[in-house]
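K.L.:
Structure incoming, see below.
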Amino acid sequence: MNWIKDFLNRKKTPLFFVIIITIAVISIWWTFTTMLELSGFAAAFGKAVIGISLFFATDQWLLRDIETINELKKGNTAYAIFILSYALILAACIASA
C-alpha cells in the first residue's frame, strides 16, 4: 500500500489526471448527448486519456524500481526502445478498441 501513499503525496500528478479524466468524461457525455457529429473527437480524446493513464500507471507501478527519466538521460537506448515498444503496443490496442 506504499505505492498509494507515494502517488497521493505527489502534488501535481494526481490533480493533473483528475482534471484530464474529468474533461474527457464531460466531453464524451456532452458530444454524445448534444452534438453527435463531434463524438468521434471526444471518443478519440477519451482513448488518448486512457492510453496516457495506462502508460503512466505502468511506469509508476510496474517499473517502479527503474528511474525512467534518469535512464533516458544516460542515453540507455535499450530502455528507450523497450518503452517505445510498450507505447506502440498500447496505442495499437486502444486504437482498435
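Any read-out appearing in this document is the output of simple, stated calculations on the displayed coordinates, not a laboratory observation. Everything quoted here is computed from the prediction, not taken from an experiment. Here the Cβ positions follow ideal geometry from the backbone for every residue, glycine too, while neighbour counts run over all protein chains shown.
K.L.:
Once you sort the root eigenvalues of the Cα gyration tensor of the stretch 2-95 as a ≥ b ≥ c, which label holds: rounded (a/c under 1.5), prolate (a/b larger than b/c) or oblate (the other case)? Provide the component values of the computation, followed by the final result.
P.N.:
Numbers: a/c = 3.27, a/b = 1.63, b/c = 2.01.
Since a/c reaches 1.5 but b/c is at least a/b, the shape of the stretch 2-95 is classed as oblate.
K.L.:
I've got another one for you. Mind checking which of Val18, Thr31, Ile89 is farthest towards the positive end of the stretch 2-95's charge dipole, using Cβ charges of +1 (Lys, Arg) and -1 (Asp, Glu) about the Cα centre?
P.N.:
Result: Val18.
K.L.:
Still on this structure: Using Cα pairs under 8 angstrom and six or more residues apart, how large is the relative contact order of the stretch 2-95, in percent? Intermediate results must be reported in sequence, preceding the final value.
P.N.:
Details: 35 pairs, mean separation 21.0, N = 94.
About 22 percent, as a whole number.
K.L.:
Of the peptides 64-73, 45-54, how do they stack up when ordered by the mean number of other Cβ atoms within 10 Å, highest first? Before the final figure, lay out the partial values.
P.N.:
Numbers: 64-73: 11.4, 45-54: 16.2.
Most protected by this proxy first, the peptides run 45-54, 64-73.
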